[in-house]
Amino acid sequence: MVSVEETHFDLNSANALPDTYTWLTPQNQSQPSQGPVSIPVIDLDDIDVIDKIGRACEVLGLFLVINHGVPEEILRRIESEARRFFSLPADQKLRAKRIPGDFTGYGPLPISKFFEKKFWSEGFTILGSPIKPASAVWPDGGHTQFCDTVNEYQQAILKLQARMLGLVMRYLGIEDENDWLHYIGEKGALQLNSYPPCPDPDRALGLGAHGDSTLLTVLHQTGEKGGLQCKIGEDQWALVTPKPGSLVVNVGDLLHIISNGRLPTAVHRVIVDADHHRYSFVNLWGTPPDVKVMPHPKLVGPGKPPLYRAVTWMEYLGIKTKILNEALDSIRVHENLGDDESIQNHNN
Ligand SMILES: C=C1C[C@]23C[C@H]1CC[C@H]2[C@@]12CCC[C@@](C)(C(=O)O1)[C@H]2[C@@H]3C(=O)O
Ligand SMILES: O=C(O)CCC(=O)C(=O)O
Ligand SMILES: [Fe+2]
């Protein structure tokens, strides 16, 4: 029997922002600097979709997708299952509490430890089968509906992800399916996020800045206000304004590596609101366990040395949870060719 921990603070009934959640630096204010950058909307039925999706990945690494083919009904159902989970009493949710060293579970994310303040959000991570965590929460059989919905949602998003990856690969000049199909795994991680209304939103943060350790991340969100912001420069953030019927897609570190640095990982964060309770349902798709992720052979060659060494997804997740923002740098390869060139340039 697990009891509510003394440290568990219920965001849903809070009427003031505790110190542990209060950010002091101005970068965490809720006024997004919109700047000239707008988030591209990619229509998957567009005749020029390869070019458009490719350029969106290349420029920002984040875009909205419409005509994505994911049935509205599945999106409604994951939304209602997530709401059903988050509205449970704290001690019931805590039965699926994440234990240190594990990815699956309810509670602060692996990245929280890199930030000095807590995030104004609740998260439930499912990596692999949902059965174990869900039946811990609902021991009386209430987990089946949750698990079925999670599986269907993930299957539908997987199809979309594979389709988009194919388009992006073609943009990069990798035409043959056999050259990229092996990247597609059967399952990714599902991250359910709840951002309750916050008594002092300007001084709180829903989720701190990070890039995802994925090929592509696909997310569905509730409401019209949004909260997700994409980094567009030093201390410059663009709000990803929701568009009805669209899903958000962003490039993660694995695709960045495969593209040999051509497609940037989208760094993003989440701000919160005083009145609006937002939810997001995030599919973090990686590669199958045995796949070595490295710059694609077709994208390296004379004058284009590989920028990164090979890693498996799990190996990379391990690195990421240890050093977060330095993870990519730590697998960067120092190429002799590049060094020679820079010496030559220096001498000229
Ligand atoms: C499969 C994944 C991907 C994880 C770790 C594990 C399960 C949860 C994912 C997230 C979700 C929230 C941001 C992030 C940065 C985090 O802290 O947990 C993600 C991380 C990553 O993309 O690196
Ligand atoms: O809630 C969001 O919009 C983003 C969440 C996110 O970045 C994540 O779960 O990795
Ligand atoms: Fe993310």
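The values are calculated or read from the model by the stated rules, or taken from the named source; none is laboratory data. Please read these numbers as outputs of a predicted model, since none were measured by experiment. When we count neighbours, we look across all protein chains shown, and the Cβ atoms used for this are built from the backbone with ideal geometry, even at glycine. Ligands, DNA and RNA are excluded from the accessible area calculation, which covers all protein heavy atoms including side chains. Shrake-Rupley method; radii C 1.70, N 1.55, O 1.52, S 1.80 Å.
Among Gly188, Gly173, which is the only one that is closer than 28 Å to Lys292 by Cβ, open to solvent by less than 40 Å² (accessible area, probe 1.4 Å) and in contact (Cβ under 8 Å) with a residue 40 or more places away in the chain?
Only one candidate passes the filter, namely Gly188.
Only one residue in Ala162, Ala204 is open to solvent by less than 40 Å² (accessible area, probe 1.4 Å), more than 16 Å from ligand 1 (Cβ to nearest atom) and either β-branched (Val, Ile, Thr) or without any contact (Cβ under 8 Å) to a residue 40 or more places away in the chain (or both), so which one is that? Don't jump to the end; show me each part of the working.
Working: Ala204 fails: either β-branched (Val, Ile, Thr) or without any contact (Cβ under 8 Å) to a residue 40 or more places away in the chain (or both).
The match here is Ala162.
Out of segment 101-117, which residues are within 16 Å of ligand 3 (Cβ to nearest atom) and of a type in the set (S, T, N, Q)?
Correct list: Ser112 only.
Does segment 257-264 contain at least one residue that is at pLDDT 95 or above, in a loop (DSSP other than H, G, I, E, B) and closer than 28 Å to Ile74 by Cβ? Don't jump to the end; show me each part of the working.
The initial filter retains those residues of segment 257-264 that are at pLDDT 95 or above, namely 257-264.
Pick out the ones that are also in a loop (DSSP other than H, G, I, E, B) and you get 259-264.
With closer than 28 Å to Ile74 by Cβ added as a condition, the list becomes 263.
Yes, the conditions are met somewhere in segment 257-264.
State all residues of segment 213-230 that are within 6 Å of ligand 2 (Cβ to nearest atom) and open to solvent by 10 Å² or more (accessible area, probe 1.4 Å); if no residue qualifies, say none.
Scanning segment 213-230 gives Leu219, Gln221.
In this structure, is Ile323 farther than 17 Å from Lys187 by Cα, without any contact (Cβ under 8 Å) to a residue 60 or more places away in the chain and not in a strand (DSSP E or B)? Show your work before the answer.
Details: farther than 17 Å from Lys187 by Cα: yes; without any contact (Cβ under 8 Å) to a residue 60 or more places away in the chain: yes; not in a strand (DSSP E or B): yes.
Yes; evaluated as a whole, the condition is true for this residue.
Out of the residues in segment 32-76 meeting the condition of being part of a strand (DSSP E or B) and not aliphatic (A, V, I, L, M), tell me which one is most open to solvent (accessible area, probe 1.4 Å).
Looking at residues that are part of a strand (DSSP E or B) and not aliphatic (A, V, I, L, M), I get Asp43.
Can you tell me which residue within segment 77-124, out of those that are part of a loop (DSSP other than H, G, I, E, B) and basic (Lys, Arg), is nearest to His277 (Cα to Cα)?
Among residues in segment 77-124 that are part of a loop (DSSP other than H, G, I, E, B) and basic (Lys, Arg), the one nearest to His277 (Cα to Cα) is Lys118.
Residue check, Ile111 against (1) among the β-branched types (Val, Ile, Thr); (2) more than 14 Å from ligand 2 (Cβ to nearest atom); (3) surrounded by fewer than 17 Cβ atoms within 10 Å (Cβ to Cβ), all met but one. Which one?
With (1) among the β-branched types (Val, Ile, Thr); (2) more than 14 Å from ligand 2 (Cβ to nearest atom); (3) surrounded by fewer than 17 Cβ atoms within 10 Å (Cβ to Cβ) applied to Ile111, the lone miss is (2).
What are the pairs with Cβ atoms under 6 angstrom where one residue, in segment 132-144, is within 16 Å of Asp91 (Cα to Cα) and the other, located anywhere, is aromatic (Phe, Trp, Tyr)? Sequence gap at least six, or different chains.
Between residues of segment 132-144 that are within 16 Å of Asp91 (Cα to Cα) and residues that are aromatic (Phe, Trp, Tyr), the close pairs are Ala134/Phe146.
Give the number of residues within segment 207-234 that are among the hydrophobic types (A, V, I, L, M, F, W, C), in a strand (DSSP E or B) and within 14 Å of ligand 1 (Cβ to nearest atom).
Adding up the residues that qualify gives 6.
Please work out if Val282 is under 17 Å from Gln191 (Cβ atoms), touching a Cys at 6+ places or on another chain (Cβ under 6 Å) and either of a type in the set (Val, Ile, Thr) or within 13 Å of ligand 2 (Cβ to nearest atom) (or both).
No; evaluated as a whole, the condition is false for this residue.
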